[in-house]
Amino acid sequence: MADIRVLIRASAVHFGQCLQAALMYRSALAIFVVSEAFAYAGIIAFWYGAANSNPNQAFYKPMALVLYFCLVSFHHGIQHHASSRDIGSDIRLGKLSYSIVRPFPFLLQAGLRSVAFTLTYSLLLAPLVVAAFIFVPDLWTTFCAGILPGAVWQYPVAAAIGLTAGWLVRMVIGVLAFDMAQIWGPDTCFIALYYAASGSVFPVDLLPVWALGIVKWTPMYYMVGFPVLTLMGRLNPVQFQTEALQGCVVVTLTFVILALMWRRGIKVFEAIGI
Amino acid sequence: MTETIIHVKNLVKTYQTFKKQPGLAGAIKSFFIREPVAVHAIKATSFEIKRGEFIGLLGPNGAGKTTMLKMMTGLIPPTSGTSTTFGRFDTSRRPREYLRKIGMVMGQRNQLHPDLPALDSFRLSQAIYDIPQTQFEARLNRCLDLFQIHSKLNIPVRKLSLGERMKMELILAILHEPEILFLDEPTIGLDFSAARQIRTFLAEANSKFKITIVLTSHYTKDIEELCRRVILINHGSLIYDGPLDGVDERVQGERQVVVTASDPKSQAEILNVIKSLDGVTVVNGEPSDQKNNLPALEHAENLTITFAVPARLVGETTKKLLNTLAASDIRDLTISERSIEDVFSEIYNRAEVSPPANLNSTIIGGSK
Ligand SMILES: Nc1ncnc2c1ncn2[C@@H]1O[C@H](COP(=O)(O)OP(=O)(O)OP(=O)(O)O)[C@@H](O)[C@H]1O
Ligand SMILES: [Mg+2]
């Protein structure tokens, strides 16, 4: 019990320090947010145009598309920030060494670091969102009309599942560094799959039914598509429950894979030469 | 009877790597076929360390010291064998109770968060090891006093100099009052005064707080001042384990004689004479040593023979040597005291040419 108390206190301190560290890169973060704003604008403009030229998509009328991609950009950014991509270099460059011989679990540290970075990102994004609502005419009414009231409790659940799934997948890729010198190969594969299955480049429920069935068994779907579709009221309560459950299964499986890989990896870990 | 705190038994570490021929062609070849090579970093090694000891783990570059230290801390698992700590913990399993009792500093890596001031890392340590506030402050202040480094406490670690960072690393490693401290080259790259402060710090940690310390260092000063017992490793094998006095006796009691011959022919002759003398150990000058010399140094270096002789015999030995040889054979002759480095490098060199087993007793007069 005392151990748990110590662990919680240490976690709180570590989390606070990660936040501090994240905020120290203020110029980098500011630039990141600005570039993000341009990316949002680009994506929205593209889909706005695409939607106008192809009005046959039953649901995705122009404003729905704009809404979809606003939400996607937000989730994409958060996923990007929460990503556990540092883990690979931690392993390869020996930063892991000290963590291993301290009584504070490394995976917990990595998790807290991700949460801290996600939080910083969300905080930095807030002014951007506020600015959009102030300066884009009618955004408030159209945007909010697209989000259904039922999503108020569903969305946080969906977002939590999505973030966990995303974090775990990146951890799994990072942990490959125990066995390979460079993990950008698997990382590139992951990004390709992410584009195909997450709904980050097209509304994921436009996929044929059979493909959607497959995609819903991958963590990528839960990273972006699931929370966005939930927020937009594209899933009825039964569908939402089924997919949330399915998402939990996917998260659990990914976690088991990570735990096995970690246990094996730590046994073959050779630290770094020097 | 003091308790055995670390028990290393038949520890072996074999690293698996791949051989790559140099150049692009090699890279392409190794892209398809990789030739695995086993690096035998540590060959079956056993020793015990008692509570309160200050051990110097020595050996030339690549000897396996860091590997040994990593296995002793539990950072990497051994290929075979065990390292047991406090009589009950298998270090490779890293039980939490064990981790709370050790500290580690590697001169080449840092534990402090680079972007935050050292104080933040200390605070994290306080939380992880559950150190009460009053004790935390007392310990921290004592360390800061010793290092005179109060003013650097709130500066991001990234902006500290090497010596300042090293001091902070040491403070971090010792804040939770570990029972064993593992140090891998903590004085690397430090100026003499910083290195001296660190030595004082370590000596105090060992004598006042009874922390058992295992240290690797290439600076003989660290070893001479701190370690009462040394463990020498070369090519992954233990070649000497015993008090530093054993080495010291040879430093005190022996003289080093360097003879420079006028030509290779005289050199062979001189070598023969030296070998026939009593109590003499040839350190350098055997034909097998010549391969170590660079071609450019042929004339200056290859003609010298270095040998060690007990101090009481030095007059007799040189007299015999000079009487037997013609004056024209010898270009130069110097007699000097031996340094601890001379003795170590002699031991390392010997270990390369003869099997290490018998060195334990013969080279240093083995007080095992
Ligand atoms: N991760 C690794 N993978 C493969 N070989 C390794 C690895 N780490 C060390 N080695 C090899 O093991 C041997 C021992 O290395 P180690 O780092 O223990 O030496 P050392 O005694 O600490 O040397 P130094 O004084 O240079 O620090 C070396 O030959 C080195 O090349
Ligand atoms: Mg080393």
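The values are calculated or read from the model by the stated rules, or taken from the named source; none is laboratory data. Please read these numbers as outputs of a predicted model, since none were measured by experiment. Don't worry about glycine lacking a Cβ; one is built from the backbone with ideal geometry, like all the others, and counts go over all protein chains shown. Quick note on the areas: whole protein, heavy atoms, side chains included, nothing else; ligands and nucleic acids left out. Shrake-Rupley method; radii C 1.70, N 1.55, O 1.52, S 1.80 Å.
Please list 3J(HN,Hα) in residue order for segment B:133-140, calculated via the Karplus relation 6.51 cos²θ - 1.76 cosθ + 1.60 where θ = phi - 60°; whole Hz, with x for glycine and proline.
Each residue of segment B:133-140 in turn: 3, 5, 5, 4, 5, 4, 5, 4 Hz.
Calculate one ³J(HN,Hα) per residue across segment B:201-208 by plugging θ = phi - 60° into the Karplus curve 6.51 cos²θ - 1.76 cosθ + 1.60, and present them in order as whole Hz with x for glycine and proline.
Computed from phi, the couplings for segment B:201-208 are 4, 5, 4, 5, 4, 6, 7, 7 Hz.
Give the calculated FRET efficiency between B:Ile155 and B:Asn272 to the nearest 0.05, with a Förster radius of 56 Å applied to their Cβ-Cβ distance.
Once rounded, the FRET efficiency stands at 0.30.
What residues have an amide H closer than 5 Å to that of B:Leu58, excluding those fewer than 5 places away on the same chain, when H is modeled at 1.01 Å from N in the peptide plane?
B:Ile231, B:Leu232, B:Ile233
What is the angle, in °, between the Cα long axis of helix B:23-32 and the longest principal axis of the Cα atoms in chain B? Nearest 10 is fine, range 0 to 90.
Around 60 degrees separate the two axes.
Go through segment A:99-115 and flag every residue whose accessible area shrinks by 40 Å² or more with all protein chains in place compared to the isolated chain (probe 1.4 Å).
A:Ile100, A:Val101, A:Arg102, A:Pro103
What does the charge dipole of the protein assembly as shown about its Cα centre add up to, to the nearest 20 debye, if the Cβ of each Lys and Arg holds +1 and the Cβ of each Asp and Glu holds -1? Write out the running numbers ahead of the final one.
Working: 60 positive and 52 negative charges, 288 e Å.
My answer is approximately 1380 debye.
Considering only DSSP beta bridges where both residues belong to the protein assembly as shown, give the percentage that are antiparallel (nearest 5).
On the way: 43 of 61 bridges.
So the antiparallel bridges amount to about 70 percent of the total.
Can you list the residues of segment B:103-120 that have at least 30 square angstrom less accessible area with all protein chains present than in their chain by itself, probe 1.4 Å?
B:Met104, B:Gln108, B:Arg109, B:Gln111, B:Asp115, B:Leu116, B:Asp120
Which of rounded, prolate or oblate describes the protein assembly as shown when judged by the alpha-carbon gyration tensor and an a/c cut-off of 1.5? Walk me through the intermediate numbers first.
Values: a/c = 2.90, a/b = 2.30, b/c = 1.26.
It is prolate, given that a/c is not under 1.5 and a/b is the larger ratio.
Collect residues whose amide H, placed 1.01 Å from N in the peptide plane, falls under 5 Å from the amide H of B:Arg338; neighbours closer than 5 in sequence don't count.
Excluding prolines and chain starts, which carry no amide H, the hits are B:Glu254, B:Gln256.
Taking the Cβ of B:Ile174 as the centre, find all other residues whose Cβ is under 13 Å away and add up their charges (Lys, Arg: +1; Asp, Glu: -1). Can you show the working numbers first?
Values: positive: B:Lys101, B:Arg139, B:Arg142, B:Lys167, B:Lys208, B:Lys210; negative: B:Glu169, B:Glu177, B:Glu179, B:Glu204.
Charge balance near B:Ile174 sits at +2.
Would you mind checking A:Lys95/B:Lys50; B:Lys43/B:Lys65; B:Lys43/B:Lys101; B:Lys159/B:Lys208; B:Lys9/B:Lys70; B:Lys101/B:Lys208 for any pair whose Cα atoms are more than 21 angstrom apart?
Details: A:Lys95/B:Lys50 30 Å; B:Lys43/B:Lys65 12 Å; B:Lys43/B:Lys101 27 Å; B:Lys159/B:Lys208 32 Å; B:Lys9/B:Lys70 15 Å; B:Lys101/B:Lys208 17 Å.
Exceeds cut-off: A:Lys95/B:Lys50; B:Lys43/B:Lys101; B:Lys159/B:Lys208.
Among the DSSP beta bridges whose two residues both lie in chain B, what percent are antiparallel, rounded to the nearest 5?
70 percent
If I compute solvent accessible area with a 1.4 Å probe over the protein chains, what percent of it on chain B is carbon and sulfur? Intermediate values should be presented prior to the final figure.
Working: 8990 of 17070 Å².
Whole-percent figure for carbon plus sulfur exposure: 53.
Mind listing, in residue-number order, the residues in segment B:40-84 that have at least 40 Å² less accessible area with every protein chain present than in their own chain alone (1.4 Å probe)?
B:Lys70, B:Leu75, B:Pro77
Given a 1.4 Å probe, how much area per residue of the protein assembly as shown is accessible, in Å²? Don't skip to the end; give the middle numbers.
Numbers: 30560 Å² over 642 residues.
I get 48 Å² per residue for the protein assembly as shown.
What is the spin-label model distance, in nm, from B:Arg312 to B:Ser328 if the labels are put 7 Å beyond Cα along the C-beta direction?
3.9 nm
Measure off 7 Å from each Cα along the Cα-to-Cβ vector at A:Val249 and B:Glu48, then give the distance between these two points in nanometres to one decimal.
5.8 nm
How many square angstrom of accessible surface are buried between B and A, both sides summed, with a 1.4 Å probe and rounding to 100? Please list the in-between numbers first.
Numbers: alone 18580 and 15040 Å², together 30560 Å².
Heavy-atom accessible area buried at this interface is about 3100 Å².
Could you run the Karplus curve 6.51 cos²θ - 1.76 cosθ + 1.60 with θ = phi - 60° over segment B:341-349 and give me ³J(HN,Hα) per residue in whole Hz, x for Gly and Pro?
5, 4, 5, 4, 5, 5, 5, 4, 5
Report the gain in length on full extension from B:Glu249 to B:Asn61: 0.36 nm times residue separation, minus Cα-Cα distance, nm rounded to one decimal. Before the final figure, lay out each step's value.
Values: separation 188, 0.36 × 188 = 67.68 nm, distance 2.50 nm.
Extending this stretch completely gives an extra 65.2 nm.
Extension gain A:Asn236-A:Ser122, at 0.36 nm per residue separation less the Cα-Cα distance, in nm?
Going from the current span to full extension adds 38.3 nm.
Can you give the calculated 222 nm mean residue ellipticity of chain B, where each DSSP H run of n ≥ 4 adds -39,500 (n - 2.57) and the sum is split over every residue, rounded to the nearest 500 deg cm²/dmol? Don't skip to the end; give the middle numbers.
Working: 15 runs with 146 residues, N = 368.
Mean residue ellipticity, 222 nm, calculated: -11500 deg cm²/dmol.
If I model a spin label as a point 7 Å beyond the Cα along the Cα-Cβ vector, how far apart are those points for B:Tyr219 and A:Trp153 in nm?
Once both label points are built, they end up 6.6 nm from each other.
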